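Engineer: Please read through the structure below; I'll follow up with questions.
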Amino acid sequence: MAEVVIVSSKGAAGALVAGEIAGLIRRDPEVVLGLATGSTPLPVYEALPAALAGADVSRVRGFALDEYVGIDPAHPESYRNVITREVVEPLGLSPERIRTPNGAVDTIEHAGEDYEAAIAAAGGVELQILGIGTDGHIGFNEPGSSFASRTRVKTLTAQTRRDNARFFDSIDEVPMHCITQGLGTILSARHLVLLAFGEGKAAAVAGAVEGPVSASCPGSAIQLHPRATVVVDEAAASRLERADYYRYAWENKPTWQGI
Ligand code: PGA
């Protein structure tokens, strides 16, 4: 099962995960990170400079989970721009070493295959940061997505378009399609770290961690992974039936183990 760590705040979650990532970068300056967009990973990115304490990040490589199809690359909400603004620039990563799936319509037919080939050529993702949608999606793998899926084009659900409308002037501007790493792609990363905060994510977290393994809750794919860590605040943990056990296991965790 996934290891569940219940923390007191987003800041505590950010510091915990940033510490793990900083350790990876120190051990391997060319480490391949799986990056996520959305509000959830922001505390991790914010905590990274302190955790890195000046470590060299210029050779770190990264792959984002997803991108909107057909969005103007210059649009501030294209995930390329979001990753550049929220991760690459503040952390001083090298932009040419950070990839996002290519959402351009004219090359979309082979964009998924190209992205898979690029991840494979980099040796795979060491640590994949994940958020989870209120409908249980990870990446943009909406309910019903195959656990074997690789990077491909998907249609966003109406709920996801509503959830993401806050980043656009109106819901009509939210693209209808996306290109996303598949659940199979995500499961190929060597360590999954899923974060979630707030009451609104409690049902999705419970479904992912304790629900049946089912394509109806794409986040439940993490139960198939040999090394998955779920970092949640109290509100996001509020529907977990085994919360007491997760706290007990964390309190008694051997110090040498890390997350
Ligand atoms: P959020 O999105 O971090 O903005 O809540 C998570 C997701 O949709 O995967």
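The values are calculated or read from the model by the stated rules, or taken from the named source; none is laboratory data. Keep in mind that this is a model prediction, so the values were computed, not measured. Cβ coordinates were reconstructed from backbone atoms using ideal geometry, including for glycine residues, and neighbour counts include every protein chain displayed. These accessible areas exclude ligands, DNA and RNA; they are computed on the full protein's heavy atoms, side chains included. Shrake-Rupley method; radii C 1.70, N 1.55, O 1.52, S 1.80 Å.
Engineer: Identify the residue in the range 146-163 that is part of a loop (DSSP other than H, G, I, E, B) and more than 20 Å from L35 (Cβ to Cβ) and, among all such residues, is farthest from the ligand (Cβ to nearest atom).
Structural biologist: If we take residues in the range 146-163 being part of a loop (DSSP other than H, G, I, E, B) and more than 20 Å from L35 (Cβ to Cβ), then A148 is farthest from the ligand (Cβ to nearest atom).
Engineer: Scan the range 115-129 and tell me whether some residue there is outside any helix (DSSP H, G or I), within 14 Å of the ligand (Cβ to nearest atom) and within 25 Å of L48 (Cα to Cα).
Structural biologist: yes
Engineer: Something else about it: Which one is nearest to the ligand (Cβ to nearest atom) among residues in the range 21-54 that are modelled with pLDDT of 95 or more, in a loop (DSSP other than H, G, I, E, B) and over 15 Å from the mean Cα position of the chain (by Cα)?
Structural biologist: V31
Engineer: Separate question: All but one of (1) open to solvent by 20 Å² or more (accessible area, probe 1.4 Å); (2) of a type in the set (A, V, I, L, M, F, W, C); (3) within 20 Å of V125 (Cβ to Cβ); (4) out of contact with any helix residue (DSSP H, G or I) (no Cβ under 7 Å at 6 or more places or on another chain) hold for A203; which doesn't?
Structural biologist: Result: A203 fails condition (3) only.
Rundown of residues vs (1) closer than 19 Å to G14 by Cβ; (2) part of a helix (DSSP H, G or I); (3) not aliphatic (A, V, I, L, M), yes/no style:
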position	(1), (2), (3)
A165	no, yes, no
T185	no, yes, yes
A202	no, yes, no
V205	yes, yes, no
V209	no, yes, no
S238	no, no, yes
R247	no, yes, yes
K253	no, no, yes
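Engineer: Pairs under 9 Å by beta carbon, first residue among the acidic types (D, E) in the range 85-96, partner in a helix (DSSP H, G or I) and modelled with pLDDT of 95 or more, six or more apart or different chains?
Structural biologist: E86/L42; E86/Y45; E89/P95
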